[in-house]
Amino acid sequence: MCEGPTVPDFSIELSRRGVIVGVDEAGRGPWAGPVVAGAAILNPDTLPDDLVASLDDSKKLKAEKREALLARLQDTDAILGVGIATAQEIDDINILQATMRAMGRAVDNLGIIPDFALIDGNRVPEGLPCAAQAVVKGDGKSLSIAAASIVAKVTRDRMMAELDRTYPGYGWTANAGYGTKAHQEGLNTLGVTPEHRKSFAPIRKILSPGDS
């Protein structure tokens, strides 16, 4: 169930001046694969009404709906960016820092420098090319962040489906790398792949079963 009747709108964007980008991520919790960030600059004056009514936190939408919304966004004058931090980077610098790095890359990959960034969550990445504000549960409040969440989620799901073809047996197309029963059975049967996050406790335990 949704937490409340609120739906994202342009209120936060319109309280700022200039070009505003929303930023969100997908994939902090899975045991495998990259963390992916999306960035989205929407034009409140030209965004079609059906998109205004349909955009929402990607976690509230079915996969088919997310795919359709991304296709629609790509047909508008929206400017979209993607940033990726690999499983190796997650192990090297931890998932929080890797997420911040992916968010920064998403903004860098927009092709333009925005005037202000709205970051989903309670932290702002360091080194952004503009001022920024953290917005807790922003994907349910800001249309730009909601769009960014869809960019991130669809991109990551596609990447995990591709990795599923490279490393079959873990169910990544269906579970996106989360620790489902199918994923656990794959680990028990096939072991750990280069795409697994070896710093995460369940994977670390497989690699070092004698450690507490």
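Computed from the coordinates by the stated procedures, all read-outs in this text should not be read as laboratory data. Only a predicted model underlies this, so the values are computations on that prediction, with no experimental measurement involved. With ideal geometry, Cβ positions are generated from the backbone for all residues, glycine too; neighbour counts draw on all protein chains shown.
Observations, loosely collected:
- Criterion applied to Gly186, Gly169, Gly177, Gly140 was being more than 20 Å from Ile84 (Cβ to Cβ) and within 16 Å of the chain's Cα centre (by Cα), and the one residue passing it is Gly140.
- Tally, over region 34-49, of residues that are outside any loop (DSSP other than H, G, I, E, B) and in contact with a Ser or Thr (Cβ under 6 Å, 6 or more places away or on another chain): 3
- A Cβ distance below 6 Å, combined with a sequence gap of six or more or placement on separate chains, defines the contacts here; from region 155-177, residues that are closer than 18 Å to Ala37 by Cα reach residues that are assigned to a helix (DSSP H, G or I) and β-branched (Val, Ile, Thr) in the pairs Ala161/Thr173.
- Taking the criterion of being more than 13 Å from Ile41 (Cβ to Cβ) and either outside any helix (DSSP H, G or I) or of a type in the set (Ser, Thr, Tyr) (or both), the residues of region 93-128 that qualify are Asn94, Thr99, Ile119, Asp120, Gly121, Asn122, Arg123, Val124, Pro125, Glu126, Gly127, Leu128.
- Number of positions in region 98-131 that are within 21 Å of Ser199 (Cβ to Cβ) and under 14 Å from the mean Cα position of the chain (by Cα): 9
- Across region 3-26, the number of residues qualifying as in contact with a strand residue (DSSP E or B) (Cβ under 9 Å, 6 or more places away or on another chain), more than 15 Å from Asp139 (Cα to Cα) and of a type in the set (Gly, Ala, Ser) comes to 1.
- In region 56-79 there is no residue that is in a strand (DSSP E or B), in contact (Cβ under 8 Å) with a residue 12 or more places away in the chain, under 14 Å from the mean Cα position of the chain (by Cα) and within 13 Å of Ser144 (Cα to Cα).
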